[in-house]
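Q: Have a look at this one before I ask anything.
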Amino acid sequence: MIRLALLLVLSLPAAAQEGLRYRMQVWMRGESAPMETRFRLLATEGTTSHNRVKKPRMGGWRLEADRTQGTPYSQAMLLGRAERLLYLAGPSPQTHAEPIALRFGTRSVPVWSVEMPKELHASTVLVEVAPGLLALCDLSARFEKGDLARVELHLESLDGTGSLAPAEAGTVLLSTLRAWAQEARQDPEDGATVR
């Protein structure tokens with residue numbers, strides 16, 4: 001029994017190191033200091049149907065906040081926002097390979113760009129973390145109206161990407177960018193929604 005407990009304790013750090021590690025900062029309008037959190041994106045297995053024909057299903061992701069860092073009591077709200085800003089999927093028509101690479105430790109990963117709606121003051125960079133699998137690397141966005149003034153989301157490390165796979169909602173970032181662009185086009189008197 002003691003050996004089993006010791007084995008579990010020794011295996012925890014290795015499991016905890018898997019996934020993509022991010023830092024997120026959010027500035028609310030009128031606030032000088034941002035709310036901040038660090039979190040890890042971990043892959044989750046696809047669902048299995050009970051039908052006779054078992055079609056392959058995409059998995060998902062799970063976000064785990066580092067509770068020892070960041071703004072106290074804001075992790076849940078920030079992770080809720082982060083879920084709508086991530087990309088973990090194959091290339092899409094809005095993504096384009098760039099002739100450059102970024103280095104994370106000893107790894108060099110190809111860079112991809114995302115077509116940005118012209119109404120947004122934003123930039124986004126994706127990296128190819130595995131063959132045919134893109135993940136968000138950097139997102140920076142500023143907003144002229146609404147409660148949200150600025151968002152920064154940065155990939156800090158690639159910690160074991162072998163378990164990562166395209167997520168079912170892996171391109172949610174693209175729909176968020178479209179929604180932000182639509183809000184930016186709206187006249188404030190027409191009832192623009194709050195992010």
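Derivation of every value follows stated rules applied to the coordinates shown; laboratory data play no part. Everything quoted here is computed from the prediction, not taken from an experiment. Backbone-built Cβ (ideal geometry, glycine too); neighbour counts: all protein chains shown.
Q: Rounding to the nearest 20 debye, state how big the charge dipole of the stretch 71-174 is about its Cα centre with +1 on each Lys and Arg Cβ and -1 on each Asp and Glu Cβ.
A: Working: 8 positive and 12 negative charges, 24 e Å.
Rounded to the nearest 20 debye, it is 120 debye.
Q: Now, a different point. Once you order the gyration tensor axes a ≥ b ≥ c over the Cα atoms, which shape class does the stretch 71-195 get: rounded for a/c under 1.5, otherwise prolate or oblate by comparing a/b with b/c?
A: On the way: a/c = 2.12, a/b = 1.60, b/c = 1.32.
Prolate is the answer for the stretch 71-195, as a/c is 1.5 or above and a/b outweighs b/c.
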